[in-house]
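Notes to accompany the following structure.
No value in this document is a laboratory result; all are computed from the given coordinates. Everything quoted here is computed from the prediction, not taken from an experiment. Virtual Cβ from ideal backbone geometry, glycine too; neighbours counted across all protein chains shown.
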Amino acid sequence: MLGASLRHRGVELLRRVEDLTDAAARGSTAGIPFLHPWANRLDGVRYRAAGRSVTLDPASPLLHLDANRLPIHGVPWSLLSWELVETAHDRVRARLDWSRPDLLAVFPFPHRIELAAVLDAGGLTITIVLSAGRDGPVPVSFGFHPYLGVPGLPRAAWRLELPAMRKLALDARGIPTGAEEPFPHFDSALGEHAFDDGFVPLTERPVFALSAAGYRLTVEFLEGYTHAQVYAPPRGDHVALEPMMAPTSALTSGRGLRVVEPDGECRAVFRIGVSRVEGLSSA
């Protein structure tokens with residue numbers, strides 16, 4: 001259930017999709033990956049959530065570590081086994097049962113996830129429904145990491161639009177410190193700007209946009225998502241506008257962490273919109 005391609009009239013709008021076999025082997029992200037049971041990184045290999053204490057094994061094949069040896073992006077997308085529930089020319093729906101012993105060693109909270117991806121003329125809508133089991137509550141900190149790019153112009157000429165938000169202060173490893181500061185509306189050519197930052201949107205349905213060369217790509221949080229990560233590396237050919245159910249490392253800090261009660265469920269929806277706008281440029 002990796003989003004491996006999103007094309008408009010034959011033009012690819014996703015990034016890091018050139019070699020998915022290599023990405024799967026290395027456990028790295030690509031296209032539109034689902035990040036579960038945590039998005040971005042944890043502050044170490046121990047966490048306590050919903051009444052359970054967990055110590056992760058850094059050598060586990062189900063973990064991917066960043067440059068600081070911190071677990072990042074949960075279990076790699078290539079190691080999650082989905083069961084197809086529905087397929088059609090414009091949609092796919094699949095189910096993931098979190099019940100395998102190796103998965104429970106990483107995240108000891110039995111649950112089920114249904115993911116639906118629906119395509120229409122204006123874009124792609126992705127819906128997640130997480131259902132808790134009877135045995136206990138499930139902490140929720142998943143997210144998505146869509147890598148987007150605008151064809152025809154270099155990264156510096158792309159225009160990025162971000163809503164007004166609260167910006168999370170991060171330490172040198174990218175872990176939130178608990179402090180926040182205002183972040184004003186941003187609307188500018190990327191130029192030399194770079195981002196790898198966490199945010200709290202101020203509205204229930206914030207819209208993020210990337211545009212240039214007549215294309216306008218939007219990421220809209222439609223339901224459930226309370227946090228965002230914006231990733232625009234200075235020398236990359238992509239921008240990631242990431243819907244998140246909790247801030248980075250919520251499993252270790254408890255900040256912003258929600259819990260689904262036994263037999264309960266939570267729902268989260270976001271949409272990637274694609275449009276052509278005549279006369280649109282980076283100026």
Computed D for region 7-276, Stokes-Einstein, Kirkwood radius over alpha-carbon pairs, 10 °C, 1.306 mPa s, to the nearest µm² per second, is 83 µm²/s
Give, as ranges by residue number, the residues of region 95-116 whose backbone N falls under 13 Å from the point 7 Å along Cα→Cβ of Asp57. 101-107
The answer for Phe195, listing residues at least 5 apart or on another chain whose modeled amide H is closer than 5 Å to its amide H, is Ala232
Inter-probe distance in nm under a simple model that places probes 7 Å from Cα toward Cβ, at Leu222 and Glu83: 2.6 nm
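Could you put Thr29, Thr218, Thr177, Thr248 in order, starting from the residue whose Cβ has the fewest other Cβ atoms within 10 Å?
Numbers: Thr29 22, Thr218 19, Thr177 10, Thr248 28.
Going from least to most buried by this count: Thr177, Thr218, Thr29, Thr248.
Shape call for region 114-261 from the C-alpha gyration tensor, a ≥ b ≥ c root eigenvalues: rounded (a/c under 1.5), prolate (a/b greater than b/c) or oblate? Mind showing how you got there, number by number?
Details: a/c = 2.22, a/b = 1.37, b/c = 1.63.
Here region 114-261 falls in the oblate category.
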Long-range tail of P(r) for region 181-269 (Cα pairs > 21 Å, %): 39 percent
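Using just the Cα positions, wrap region 65-188 in a convex hull and report its mean projected area in square nanometres, one decimal place.
Working: hull surface 46.7 nm².
Projected area, direction-averaged: 11.7 nm².
How do Val200, Val150 rank when sorted from fewest to most other Cβ atoms within 10 Å of their own Cβ? Don't skip to the end; give the middle numbers.
Values: Val200 17, Val150 25.
The fewest-first ordering by Cβ neighbours comes to Val200, Val150.
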Counting as exposed only GluC sites (Glu not before Pro) in DSSP loop states with no more than 15 other Cβ atoms inside 10 Å, the longest exposed-site-free span of the chain is 19-191
Dipole magnitude of the chain, debye to nearest 20 (Cβ charges: Lys/Arg +1, Asp/Glu -1, about Cα centre): 140 debye
For Trp38, what charge total do you get from the other residues with a beta carbon under 15 Å from its beta carbon, if Lys and Arg give +1 and Asp and Glu give -1? +4
Modelled label-to-label distance, Ser131 and Arg9, 7 Å Cα→beta-carbon offset: nm? 4.3 nm
Would you mind computing, in nm to one decimal, how far apart the modelled labels at Val207 and Phe186 are, each placed 7 Å from Cα along Cα→Cβ? 1.9 nm
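Mean projection of the alpha-carbon convex hull of region 1-50 over all orientations, in nm²? Can you show the working numbers first?
Details: hull surface 20.2 nm².
With the hull built on Cα positions only, its mean projection is 5.0 nm².
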Which FRET efficiency, nearest 0.05, do Val259 and Ala179 yield, Cβ-Cβ r, R0 22 Å? 0.35
